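Working notes for the structure below.
The values are calculated or read from the model by the stated rules, or taken from the named source; none is laboratory data. For clarity, every value in this text was computed on a predicted model and none was experimentally measured. Cβ: placed from backbone, ideal geometry, glycine included. Neighbour counts: every protein chain shown.
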Amino acid sequence: MNRMMIYVMAVLLTSWAGAKPVTGDFLLQTKQSTMAFHKSGDSWQMVHYGTKIESAPDAAALAWSGWVGGNFFGHRKPDTYSVYGSDNDRRGTMNKFGGLAVIHADGVTSTDLKAVSVKTVDDKPGMTHLVFELKDRVYPFFVIQHFRAAVASDVIETWVEIRHDESASVKLIRMDSVALVFPLMAKEYHLLSLTGQWSSEGQLVEAPVALGQTVSMTSRSGVRSAFGNNPSFMLSVGERATETAGRVIGGALAWSGAWSISIQHDYVNALAINAGSDTGNGAYTLDAGKPLVTPKMALTYSASGKGQISRNLHRWARDHQLRDGHMLRPVLLNSWEGAYFDFDESTLTDMMDGVKELGGEMFVVDDGWFARGKYARDDDKRGLGDWVVNDKKLPKGLGSLAEEAKKRDLKFGIWVEPEMANTTSELVDSHPEWVLREKTRPLRQGRGGTQVVLDMTNPALRDNIYNQMDAMITSIPGLAYIKWDANADFMNPGSTYLGADRQPNLWYDYTAGLYDLLARLRVKYPDILMKACSSGGGHMDYGFLRYADEFWTSDDTDARQRVFIQWGAGHFYPACAMAAHVTGVPNHQTHRSTPLKFRFDVAMSGRLGFELHPKTMAPEEVVFAKQAVKDYKRLRPVIQQGDLYRLVSPWTHTYASLMYVNDDKSQAVVFLYGLNRPVMSDYPAPLMLQGLDINKRYRLTEINKEKRGHCRVSGKTLSGAALMGMGVPVKLSGDYDSAVFELVAE
């Protein structure tokens, strides 16, 4: 465990070189927002988070005070970190809602922190890093709280480190990354979040948080952190915000395991936001001298609606969170829907020929390439955990396949699922103790009737998986891409590695161990791209995306469904990280048939790829696809790196539209999707474009066009002011009609 904890510390801790003490009120500034801190005795309060202000005294003067809104039981002052049992009321009643809840070594359940020091520290360029060193007034129990502002993207990252020197271990009942109280910011709040399960990820839900209510979102999967709920939210402050108007606080938790986010709107209109890793069924046991670092929470504020929250998070992700957020992602073909388990070398080389003809740049072999003998991977019932080539299917090996790809000027990728195994595998035969299991209960098994989750808390297991991955990678010269999958939950939430009193630690330590493994591979192979996949979009979270370059948005590849799924995902995650593939018809999940153009137009709004066998395409489809791929490559700097503007929602209309605009506003791409069109007279209103320069003139050109056009001004040059003020007149005909428009400043 020591190396794992050391690694977690190394990721999140910053050198104290260049530290400067902060002795008075402090404004943590981004480009458009301010988080204001006020010193109150030996504690600090966060007295403003919102629109940018330039005066700390103004913030302190206008902030909440004890006589505003009464002073009832549980009405907390806005300390920077809300702790269970602290004196947060002028009459001395205890805070019962803290984001940190501790049972100390002597059994005392309250914690009361004071600030020992506050300082700014040197950090990454373009960031301001504020650090609070806090200590319990009685116990040798320490919390270091971080607020790090990414100035250009208007995002503030926050997390805490927890450590103690008590006489015995302590129990952490809650250990949130953020626990902030906002007294009387507004009289109403509305929460937007994403829900969904397999093949239905990214479903938008929005509802009021009523007076006196606490709304909680959680994931207890342990692995697939984005199923059920995604660890992100947008909160309208006051009236429900629109895309372009209203006050909004946005947040995204960078964690791939169990988590909890709660929004409390209490009886005197105070707002509390708590978010962090979830401790599962029991408290986390923390030994003396061993630090625990909570996941990073990204917070952002917009005074101009939800769209700006998305653009802030996207820019932050590209600049600071993704491994290389500014790299242009390749057009690839993944073999799964084109072959499933039924392939040999000639099947795969035929697919390579096909994607090369279409203009693709990479070929990825999905599930079915590994394990030998009685455990050879010919279905989902065996072989998982044995990461050696299936020499019956691929007698020449993976290196030979990579060479075949290289001959075609294609990069080569591979699928793996290292967090899981089948009980029918050499790995489990040799090491049954490496499987998560409860010692007194029957072993529950998942996919294929044999799948189990491996114990990532165990360093011996992590070493084994690392060595298998290392051997596989070195056997494939020039390996460029790994699709990392994870197709199970904690079905058996028990560890043979952890002691009986440490079983609840599994929920945190599993994820920390996973990050240790991912980091070791990333350090040795920094240039290999990685996709985060987990039964589809289960790894759509910023924790895994610290090590990956993109995520698989959903196993549901139906283009109509993907309009909704990608619409939801785009609220928090950028297009460069959103894998979107063109597939065959009828679709393998919904059995719906949609036009090839519609499938391309939908996939082109993310990272374009293919999930089919090209030989199934008709000659005229190949011609269309080649031009579409050519256009996408030309436009992908705008799509993958541009600012997203959502123009028309599929949740409220029978059509949808979104657009991307590059940094200097010289180029934009607009997507228009017709969904089910029950009434032919339901003509789209002019598309009111956003994000353009009112002083520039843009030539508008429809691309991916077939016989008929969708806009009567295609080919014309028009001002940004007119395009945003009057809108683009468009026409759709029937179900699944679609259009893509390119705008170039002249």
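Among the residues of region 546-577, those that are in contact with a strand residue (DSSP E or B) (Cβ under 6 Å, 6 or more places away or on another chain), under 18 Å from ASN334 (Cα atoms) and either of a type in the set (A, V, I, L, M, F, W, C) or assigned to a loop (DSSP other than H, G, I, E, B) (or both) comprise ALA548, ASP549, PHE551, TRP552, THR553, SER554, THR557, ALA577.
For beta carbons closer than 7 Å, sequence separation of 6+ or different chains, a first residue in region 616-630 that is part of a helix (DSSP H, G or I) and a second that is modelled with pLDDT of 95 or more and among the β-branched types (Val, Ile, Thr), the qualifying pairs are VAL629/VAL331. From the list THR590, THR557, THR594, THR616, the one residue that fits, being in contact with a Phe, Trp or Tyr (Cβ under 9 Å, 6 or more places away or on another chain) and among the hydroxyl-bearing types (Ser, Thr, Tyr), is THR594. Whenever a residue of region 705-716 is modelled with pLDDT under 90, its partners that are not in a loop (DSSP other than H, G, I, E, B), lying with C-beta atoms within less than 7 angstrom and at least six residues away or across chains, give the pairs GLU706/LYS597.
If only residues of region 590-619 that are within 27 Å of ALA577 (Cβ to Cβ) and among the β-branched types (Val, Ile, Thr) are counted, the one that is nearest to the chain's Cα centre (by Cα) is VAL602.
For residues that are assigned to a helix (DSSP H, G or I), closer than 22 Å to GLY368 by Cβ and either touching a Pro at 6+ places or on another chain (Cβ under 8 Å) or of a type outside the set (A, V, I, L, M, F, W, C) (or both), tally how many sit in region 465-494. So the answer is 5.
Taking the criterion of being more than 19 Å from MET185 (Cβ to Cβ) and in a strand (DSSP E or B), the residues of region 19-39 that qualify are LYS20, PRO21, PHE26, GLN29, LYS39. Taking region 720-746 as the range and being in contact with an Asp or Glu (Cβ under 9 Å, 6 or more places away or on another chain) and either within 26 Å of VAL602 (Cβ to Cβ) or not in a helix (DSSP H, G or I) (or both) as the test, the residues that pass are LYS731, LEU732, SER738, ALA739, VAL740, PHE741, GLU742, ALA745. Restricting region 164-184 to residues that are under 25 Å from GLN264 (Cβ atoms), at pLDDT 95 or above and of a type in the set (Val, Ile, Thr), the residue that is surrounded by the fewest Cβ atoms within 10 Å (Cβ to Cβ) is ILE173.
Counting only residues that are of a type in the set (Gly, Ala, Ser) and under 19 Å from GLU361 (Cβ atoms), how many does region 377-421 have?
Count: 3.
Do you know which of the residues in region 545-593 that are touching a Cys at 6+ places or on another chain (Cβ under 8 Å) and among the hydrophobic types (A, V, I, L, M, F, W, C) is nearest to GLU201 (Cα to Cα)? Among them, the one singled out is TRP552. Against the criterion of being in contact with a Ser or Thr (Cβ under 7 Å, 6 or more places away or on another chain) and among the hydroxyl-bearing types (Ser, Thr, Tyr), SER277 qualifies.
Among the listed residues VAL108, VAL143, VAL138, identify the single one that is in a strand (DSSP E or B), at negative phi and either of a type in the set (Val, Ile, Thr) or at pLDDT below 95 (or both).
VAL143
I'm checking my understanding of the structure. Among residues of region 332-348 that are of a type in the set (A, V, I, L, M) and crowded, with 24+ Cβ neighbours inside 10 Å, which one is farthest from the chain's Cα centre (by Cα)? Result: LEU333.
Looking only at residues in region 365-386 that are of a type in the set (A, V, I, L, M) and crowded, with 24+ Cβ neighbours inside 10 Å, the one that is nearest to GLY609 (Cα to Cα) is VAL365. Annotation note: Cβ proximity below 9 Å between a residue of region 682-697 that is more than 24 Å from THR654 (Cα to Cα) and not assigned by TED's automatic domain parsing to the domain that holds TYR655 and a residue that is surrounded by 12 or more Cβ atoms within 10 Å (Cβ to Cβ) and of a type outside the set (Val, Ile, Thr) (sequence gap 6+ or interchain) occurs for no pair.
Comparison of GLU161, GLU188 shows that the only residue that is crowded, with 18+ Cβ neighbours inside 10 Å and modelled with pLDDT of 95 or more is GLU161. Among the residues making up region 275-285, a single one is farther than 26 Å from ILE249 by Cβ and surrounded by 22 or more Cβ atoms within 10 Å (Cβ to Cβ): TYR284. When the criteria are applied in full, ILE156 fails the requirement of being without any contact (Cβ under 8 Å) to a residue 24 or more places away in the chain and either buried (at least 17 other Cβ atoms within 10 Å of the Cβ) or among the hydroxyl-bearing types (Ser, Thr, Tyr) (or both).
Restricting attention to region 424-464 and to residues that are assigned to a loop (DSSP other than H, G, I, E, B) and hydroxyl-bearing (Ser, Thr, Tyr), the residue that is surrounded by the fewest Cβ atoms within 10 Å (Cβ to Cβ) turns out to be THR440. Of all residues in region 450-462, those that are within 14 Å of ASN505 (Cβ to Cβ) have Cβ atoms under 6 Å from Cβ atoms of residues that are of a type in the set (S, T, N, Q) and in a loop (DSSP other than H, G, I, E, B), 6 or more apart or on another chain, in ASP455/SER495; THR457/SER495. Considering ALA168, ALA210, the condition of being in contact (Cβ under 8 Å) with a residue 12 or more places away in the chain and under 28 Å from the mean Cα position of the chain (by Cα) is satisfied by ALA210 alone. From the list GLY513, GLY537, the lone residue that is of a type in the set (Gly, Ala, Ser), at pLDDT 95 or above, crowded, with 20+ Cβ neighbours inside 10 Å and over 30 Å from LEU192 (Cβ atoms) is GLY513. Every test in (1) of a type in the set (A, V, I, L, M, F, W, C); (2) surrounded by fewer than 22 Cβ atoms within 10 Å (Cβ to Cβ); (3) not assigned by TED's automatic domain parsing to the domain that holds ASN695 is passed by LEU608 save one, and that test is (2).
Return yes when ARG562 is over 13 Å from ARG224 (Cα atoms), of a type in the set (Lys, Arg) and either crowded, with 20+ Cβ neighbours inside 10 Å or without any contact (Cβ under 8 Å) to a residue 60 or more places away in the chain (or both) and no when it is not. So ARG562 fits the description; yes.
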